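A short worksheet on the structure shown next.
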Ligand code: F6R
Ligand code: MG
Ligand code: MG
């Protein structure tokens, strides 16, 4: 059976700043999807990661379906009403357009969708990140799909020996989708050369070269490119099919033990290590650290099993402690150098304006030895 998994997520309001949506808000979104999604969806799953609510849906209508997208958009609009009633912070902040027009792409919410013929066993992983942007997935995807040091399946499994095709998007280009296709292993250095710049080049999808099947779908929207100004970090979602022709679940999860530095954290304007957390976790220290959650599922005829919380295992407790130390150590450097994002990635214009004003006060010294009074 051919099915589509669509995940659409948005921040439409949260408690105590950017920590987590309220229970009432989540319930409002759930009610809408349950009531209005009957007859349209086969199944759905609602969760939150930090201040973002994700609606995971299965159906047979293909990616980009206007009815499925409208269902999610309307659920977030209805959630926004609740968020306003409760006085939640940033109510409706990710709904950047006034009216729905066919597809939520380019309207604020993040989307990842994948359509495939179900295998007899169909495991997949749903990732959601908060306080960061889509480039956060560059390194984990490179390691999981290209690097034998992380993924022994690349040499052990004949089904993976041909490698994977990467579709990489230049997210700075706003006139349309500017993409490039590169094949691992032969283009690995080219893939690495692009992915080293996660604010500009992000993985959009990954495909098996043995079977042509899609392995991964990643949300690529950059909110500031839509709004023309910063409205918050993008907080991307990602779907990855695992096992058999694809990397094993453990091979996909392994790179998240690194706690690599990503863009985000406080005021969306810093570099901080990415912390794997349990589903429905809040965000705390320094509006971070940026977090990633992962729910594992199997799906059959579009029906989802219960979710298994991939980062709830005790192994990740040690990882989290190490990443907390890493975050605190890096934060000791405050605002100088690599801790803060480069000028064009800052969420606020304050520094830019300040520098403009200071620039007018610079002068070329004319021979005097000491500064004038
Ligand atoms: C992402 C997130 C941050 C904030 C940013 C701006 O989920 O919450 O990127 O959008 O810290 O915060 P305020 O609204 O306080 O200016
Ligand atoms: Mg937010
Ligand atoms: Mg968020």
- Query: Looking at this structure, is residue 147 free of Cβ contacts under 8 Å to residues at least 12 places away in the same chain, under 22 Å from the mean Cα position of the chain (by Cα) and crowded, with 16+ Cβ neighbours inside 10 Å?
  - Reply: yes
- Note on the structure: Scanning segment 48-85 residue by residue, those within 16 Å of residue 15 (Cβ to Cβ) and either in contact (Cβ under 8 Å) with a residue 24 or more places away in the chain or within 16 Å of ligand 1 (Cβ to nearest atom) (or both) turn out to be 48, 49, 50, 51, 52, 53, 79, 80, 82, 83, 84
- Task: Report the residue count in segment 325-360 for those that are touching a helix residue (DSSP H, G or I) at 6+ places or on another chain (Cβ under 7 Å), closer than 16 Å to residue 267 by Cα and part of a loop (DSSP other than H, G, I, E, B).
- Result: 2
- Could you list, in sequence order, all residues of segment 327-338 that are over 13 Å from residue 286 (Cα atoms) and under 23 Å from the mean Cα position of the chain (by Cα)? 338
- Task: Quick one: in segment 13-36, of everything that is out of contact with any helix residue (DSSP H, G or I) (no Cβ under 9 Å at 6 or more places or on another chain) and closer than 11 Å to residue 75 by Cβ, which residue is nearest to ligand 1 (Cβ to nearest atom)?
- Result: 34
- Among the numbered conditions (1) in a loop (DSSP other than H, G, I, E, B); (2) within 16 Å of ligand 1 (Cβ to nearest atom); (3) on the phi < 0 side of the Ramachandran plot, tell me where residue 9 comes up short. (1)
- Query: Given (1) in contact with a strand residue (DSSP E or B) (Cβ under 8 Å, 6 or more places away or on another chain); (2) away from ligand 1 (no atom under 14 Å from the Cβ); (3) not in a strand (DSSP E or B), where does residue 136 come up short, assuming only one miss?
  - Reply: (2)
- Item | Count of segment 179-199 residues which are assigned to a loop (DSSP other than H, G, I, E, B), at pLDDT 95 or above and within 20 Å of the chain's Cα centre (by Cα) | 3
- Note on the structure: Within segment 57-72, restricting to residues that are touching a strand residue (DSSP E or B) at 6+ places or on another chain (Cβ under 8 Å) and part of a helix (DSSP H, G or I), the one that is surrounded by the most Cβ atoms within 10 Å (Cβ to Cβ) is 72
- Message: Can you say whether residue 91 is within 16 Å of ligand 3 (Cβ to nearest atom), touching a residue at least 24 places away in the same chain (Cβ under 8 Å), in a loop (DSSP other than H, G, I, E, B) and under 21 Å from the mean Cα position of the chain (by Cα), as far as the supplied structure shows?
- Response: yes
- Message: Just to check your reading of the model, which residue among 92, 163, 153, 135 is touching a helix residue (DSSP H, G or I) at 6+ places or on another chain (Cβ under 9 Å) and within 16 Å of ligand 2 (Cβ to nearest atom)?
- Response: 92
- Task: State which residue is nearest to the chain's Cα centre (by Cα) when the search covers only segment 200-213 and only residues that are surrounded by fewer than 20 Cβ atoms within 10 Å (Cβ to Cβ) and within 22 Å of residue 159 (Cα to Cα).
- Result: 207
- Task: Please enumerate the residues belonging to segment 270-289 that are in a loop (DSSP other than H, G, I, E, B), modelled with pLDDT of 95 or more, in contact with a helix residue (DSSP H, G or I) (Cβ under 7 Å, 6 or more places away or on another chain) and over 30 Å from residue 121 (Cβ atoms).
- Result: 289
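The values are calculated or read from the model by the stated rules, or taken from the named source; none is laboratory data. Being a predicted model, the structure only gives us computed values, none of them experimental. As a convention, Cβ positions derive from the backbone with ideal geometry for all residues, glycine included, and neighbour counts pool all protein chains shown.
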